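*Asks:* Below is a structure I'd like to ask you about.
The values are calculated or read from the model by the stated rules, or taken from the named source; none is laboratory data. Bear in mind the structure is a predicted one, so any value in this text is a computation, not a measurement. Note: ideal-geometry Cβ built from the backbone for every residue, glycine included; neighbour counts use all protein chains shown.
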Amino acid sequence: MAPDQERNHHQEQPQSLDTSQMDSATRSLAEALRISFVVLKFVMIGILVAFFATCLQTIGPQEQGILLRFGQVKTGPDGQVAIKPGLKFVWPYPIEELVKIPVSTKTNLAINSFWYFQTQEELLADKTRPAPRPPAKLDPLIEGYCLARGEDIGNLLGLAGRQFRRLLLTGGDDYSIVHSKWQVTYEISDIKAFFKNIPVESPKPGQPYYELMKKGFNPIMQACLEEAVIKTMVKYNIDQVIVATDRVASQVKNLVQDRLDELDSGVKVLSVTLTAFTWPRQVDEAFNAFITASQQARTQVSQAQADAQTTLNEAAGPIAAQLAAALEDPNADPNYLESLWAQVSGECQRILAEARAYRTSVVESARSTADYFMSLLPEYRNRPMLVVQALYLDAIGQVLSEMDEKFVLQSGDHGGEREVRILLNRDPAIKAKQAQGSQ
């Protein structure tokens, strides 16, 4: 019996060892699985965090957004479409898509469609070197231009003006060819209308919408501006465009804005600028001659007006023009004329003063003479011949007192006539003239 118990004891000892080893392995496996689940949990949490992080998009301060849900524009609770700047949650594509539109970004677009063709050499040439000689004729197939209202300057410029008209290729004097450069500045004011009516490519991942917006809209803006320039320029001649550049640009801006409003583009035109303006290079000499003559004419007219004003001021002072108009008016009020005469100055004032002084002296002299004769009247009534003889002698005395030489001749015998002969030399001036005529 004892041997059997010993054998059974030896058989039970390995079985308890195997159970202990199995418990240790299970615990290790369980720990490994626990750790794996913890790691997997963190990985899943990280994936979820990354997923939701990709759903957060930022709209910049100069942008507004439009949210598309399954391709349709999503409207907010208040009926607004535009999403204001800030951090927004957007489900990933294709569920939702956030389109960012730069509404506060001012875009400049240069329009050179009406400028003449320039070669690479002309574009690179600096101002210190003379420009290459232009072609003899303007080629409308490659040259940009527009038409302005023409002026008949051929009579002013003679041959140069006639050559100018031939080179214009406009079929007459009604219009003139001109070249111009323009620049328009615009921004998006209504993103819903812009997104709905302006075709713009959908941006690829990482591609900015602004560049695609310019690519899609700039041709439309250029077409609108070109149409407005053509309509506006035919209303002005070249001189008016040069003088009233701002007014011309303002009219072009209004026409462009009206056209964009008709398209419901959602774009606001901020400014339109005429950056360059010139006539065809082929008639540059004729135009320069015309401009020089015009400047000289304006200078002479201004000088003549200044001289006229100076003459009037010297003649009658600042009141001269009003006085002249009043004198030419047959219905002028005498009181008004008197008030104007009282305000005159200059040469007119001097002449009036001399006239008044002369009038006073004549009146005083006549009064003195009248008083003198009135004093002689009683004596004349008593002895008239004596008074007349005294007056005659007094007058003769005054006359003779002013003579350098006096000749006193006695009357002829018994009151008859006496012959008087005066010997004079020939006038030397007449003799010299006769001698000069004979030569």
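*Asks:* Evaluate region 403-411: report whether one residue or more is surrounded by 10 or more Cβ atoms within 10 Å (Cβ to Cβ) and modelled with pLDDT under 90.
*Replies:* no
*Asks:* Further, regarding this structure: Out of (1) touching a residue at least 60 places away in the same chain (Cβ under 8 Å); (2) assigned to a helix (DSSP H, G or I), what's the single condition that is false for residue 324?
*Replies:* Of everything listed in (1) touching a residue at least 60 places away in the same chain (Cβ under 8 Å); (2) assigned to a helix (DSSP H, G or I), residue 324 misses just condition (1).
Conditions (1) assigned by TED's automatic domain parsing to the domain that holds residue 111; (2) assigned to a helix (DSSP H, G or I); (3) at pLDDT 85 or above, marked per residue:
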site: 192; (1), (2), (3): yes, yes, no
site: 195; (1), (2), (3): yes, yes, no
site: 205; (1), (2), (3): yes, no, no
site: 211; (1), (2), (3): yes, yes, no
site: 219; (1), (2), (3): yes, yes, yes
site: 230; (1), (2), (3): yes, yes, yes
site: 252; (1), (2), (3): yes, yes, yes
site: 259; (1), (2), (3): yes, yes, yes
site: 265; (1), (2), (3): yes, no, yes
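*Asks:* Given the structure, is residue 138 assigned to a loop (DSSP other than H, G, I, E, B), modelled with pLDDT under 80 and in contact with a Phe, Trp or Tyr (Cβ under 8 Å, 6 or more places away or on another chain)?
*Replies:* When the stated conditions are applied, residue 138 passes them.
*Asks:* Report whether or not residue 340 is out of contact with any Phe, Trp or Tyr (no Cβ under 7 Å at 6 or more places or on another chain) and within 30 Å of residue 314 (Cβ to Cβ).
*Replies:* Considered against the rule, which asks whether it is out of contact with any Phe, Trp or Tyr (no Cβ under 7 Å at 6 or more places or on another chain) and within 30 Å of residue 314 (Cβ to Cβ), residue 340 comes out as yes.
*Asks:* Can you find, within region 233-250, the residue that is modelled with the lowest pLDDT among those that are under 12 Å from the mean Cα position of the chain (by Cα) and crowded, with 18+ Cβ neighbours inside 10 Å?
*Replies:* Per the criteria, the residue is 241.
*Asks:* Further, regarding this structure: Starting from region 382-410, keep only residues that are in the same structural domain as residue 420 (by TED's automatic domain parsing), then list their pairs with residues that are in a helix (DSSP H, G or I) and hydrophobic (A, V, I, L, M, F, W, C) whose Cβ atoms are within a distance under 7 Å, requiring at least 6 positions of separation or different chains.
*Replies:* Qualifying pairs under 7 Å: 387/376; 406/400.
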